[in-house]
Each structure stands twice: as structure tokens, then as C-alpha cells.
């Protein structure tokens, strides 16, 4: 049934939706060969010694959460061959940048003719799936070739849970291929069991996203970003990170409101998807009538931001460092129903974090920040402006709360090491067969 739907329903949709984007827009061209099961030449699968461990993370957020797990696994199994697949081009770029000890490639589409041969070539001893991206054919072929399959950092979001429950009969068969579920929280464990996972295979090991950031911070990152935007450590900076469509309008409205009380405030907008930069620029100049913003790429050309000029970031991979410059932070994907983007990143820089009501993807971190008084939930432009004004008016008070929140977040580290030890145990057990 699943494969019949793939070929009769999914295939035409993929062709008509992605075809024009590839041909005319240039999107997905780097990943198209990988999606059809063509592995990169440098992977050299036939030369990879055993044990072989294959990790999969769909995009940037999952790759960031995967990095400490791969690092801990390699520490325990230095002779293992480790490969990492991703689902998106931004995820691939991030993996190449931060997981340098593993070869990377794109996960093929979940059609038997694409995914089957790739699994047969790699034949991993252990396959580790990050979070909850369930591909029935991938898991079927992995189990057919006798791989141990683990789900790590397992999460079931508030948005996806009803859908999984509705399709429990279908997903329970897919879940039966997975040997261990290493879940991020007790709630996630309850949810994965409710949709069909065997209770005896479920372990709560915590969230590896808490391990994604060093315990200390490096001021050199802050000074580098400040130079790029022509600012100083004394400049008040409002960073709106990982914003989605519909959020920049709210951010700009709040910024213009606060600007009356803090005329030196510099706004830095970092869209979640860099291809939306022109859309954001048009919003600023055409709809808001604000002078053209300074783009990050302009700094590479030797240009400098003018006084009062808004900054729009048109480069991936620098958001962690951008947060270091912030006097106040808003994290996107939270005023619109996207589940929220990474609120841990700014919190590790001891920043009070503002976010909207849609933060279920980071519920653990959200609850910690709210409990410590270093997280502020807002629902609209007026509330956002009030939160920004409150933080700027009482910086010391918020700095103390943010420092306390960071210490609590640090106390939750260790999941990556726990998961890696379980992976290593599975590998060693296979070697004794």
C-alpha cells in the first residue's frame, strides 16, 4: 500500500512541485543526484572497514543535535567507519562544517529503487535516526540487511502526535523495525509507546541539544560579528533569529515602537531560510518605507553599515555567534505555528530570550527559561515591544536571571554521552556474535 501510494500519488506531486524549482529556480540542484540514490565518489563505501555506523539527521537543527553524539561515539569507537546522511542542502552544509570526522551524503527518496541499493552498498552495523523521521522503506531495507536500528533524541511534537495517533496501525509496523528508542523526555516516551513502540525498547536518555554548545563562551565571536555590523560592545543590538514569513512584520513593528525610547538600537534580522532575504528586504523598504538594510554580504565587499541602518543576514551558519552581540533576543518560528527554533543557543550566551506561543519543539528548554525568569512569551507586536523595552530598561536584572538559566541548562547535559555508550554497546555485542 505504501509503495503504491508513493508511485501513484507522491511521485507526480514531487515532479510537479520540485521540477520547476530545480529547472528554473536552481533549488535542490546540489541534492538531486543524492535523492536518486547516487552516492558521492569520496564516500568509497567498499573501502570502509567495520564496524560501520550510519547516522541520519534531516536538516540543520537535527544536525546540530547530532554533532555531540557523533563526537562521543567516535571517542568510544575510534576505529569505526562513520557516515552521516541529511535530507536537506542546508543540513548537508552544516554537517560538512561541524561533523568533520564523518563522510556525508544525501538520504535518497524513500522509493525502493533509490533507497534499497544505497542501504545494500553501505550495509551499516548500526543505523541511528535522529528525532522522529520515519521512512518505511529505509527501515525495511536496513532490517533486511541485519542492521541494528536506534532512534536517538526521540521527540514527538504536539503538532505531529495527533497525526501519528490517527495512523497508529501503519506506524506501529514501521516502528517494529527499530530496536531501541532513546527518547528526549518522559512525555516523548509515552507518546512513542502510544503510537506503537514496544515499551521494553524505550529508554529516556535526554535531549542531545543541551550538549550542542560548549559550557564556556568565546568573546572573539562577539567582536567578529560587531565588526561586521560596524558596532561596539556598548551598542544595543536587537537580534531576531530564525524568523519565518509573517514574523518579520511583527519584529519591525516592535522595533519601530521601541526605537522612540532607544534611538540607538540596532536591529539584526536573521531569516530561518536564507532564500527569503529578498522578501524581507522588500518588506523593509517597500511596505515599511524604511531605508534599504545592510546585508551581511556587503561586509565582505568592504562596505560598512550606516548609523540607523537595519541589518539583514544573508549567510547561513553564523547565528550562534550573532546571538553573542545581542542586548535582546527574539527567536522565530514561534509566533507562527512552526514549533519554535533553537532557544538554547541565545540562552547559552546568557541572554533573556523572547519567543511566541509555538515552542513545543523546545518545550524542555522553554520551561527552564520561563521558570528562571529569562524567557518571555509574547503573542503579538505590542507584547514583543513591551518585552524588548523591559529588557533594555533593566539589563542587570535580566542578566542575573539569564546566568541562572544557563547553569540549569548545563545541568541537563550528558545525553549525547549516554546515547553513544548505548550505540557502542550494540556495536560490541555484534562483534561478539
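The values are calculated or read from the model by the stated rules, or taken from the named source; none is laboratory data. Since we're looking at a predicted model, the values are computed, not measured. Here the Cβ positions follow ideal geometry from the backbone for every residue, glycine too, while neighbour counts run over all protein chains shown.
Applying the condition of being free of Cβ contacts under 8 Å to residues at least 60 places away in the same chain and more than 27 Å from the chain's Cα centre (by Cα) to the range 394-404 and asking which residue is surrounded by the fewest Cβ atoms within 10 Å (Cβ to Cβ) yields 396.
Looking across the range 252-274, just one residue is in contact with a strand residue (DSSP E or B) (Cβ under 6 Å, 6 or more places away or on another chain), part of a loop (DSSP other than H, G, I, E, B) and closer than 11 Å to residue 388 by Cβ, and that is 265. Quick check on my filter: what residues within the range 208-231 are modelled with pLDDT of 95 or more, outside any helix (DSSP H, G or I) and either under 18 Å from residue 64 (Cα atoms) or out of contact with any strand residue (DSSP E or B) (no Cβ under 7 Å at 6 or more places or on another chain) (or both)? Within the range 208-231, just 230 meets the criteria. Does residue 250 fit the bill of being surrounded by fewer than 18 Cβ atoms within 10 Å (Cβ to Cβ), in the same structural domain as residue 351 (by TED's automatic domain parsing) and either in contact with a helix residue (DSSP H, G or I) (Cβ under 9 Å, 6 or more places away or on another chain) or in contact (Cβ under 8 Å) with a residue 60 or more places away in the chain (or both)? The answer is no for residue 250. Within the range 192-225, the residues that satisfy the criterion of being buried (at least 21 other Cβ atoms within 10 Å of the Cβ) and over 23 Å from residue 414 (Cα atoms) are 195, 197, 225. Reported count of residues in the range 362-392, each being closer than 23 Å to residue 65 by Cα and surrounded by 23 or more Cβ atoms within 10 Å (Cβ to Cβ), is 6. The criterion of at least 2 residues that are touching a residue at least 24 places away in the same chain (Cβ under 8 Å), over 22 Å from the mean Cα position of the chain (by Cα) and closer than 30 Å to residue 334 by Cβ is met by the following helices (runs of 4 or more DSSP H) wholly inside the range 93-186: 168-175.
Evaluating residue 132 against the criteria (1) surrounded by fewer than 19 Cβ atoms within 10 Å (Cβ to Cβ); (2) modelled with pLDDT under 95; (3) touching a strand residue (DSSP E or B) at 6+ places or on another chain (Cβ under 9 Å) leaves one unmet condition, (1).
Does residue 122 fit the bill of being buried (at least 17 other Cβ atoms within 10 Å of the Cβ) and over 18 Å from residue 87 (Cβ atoms)? Answer is no for this residue.
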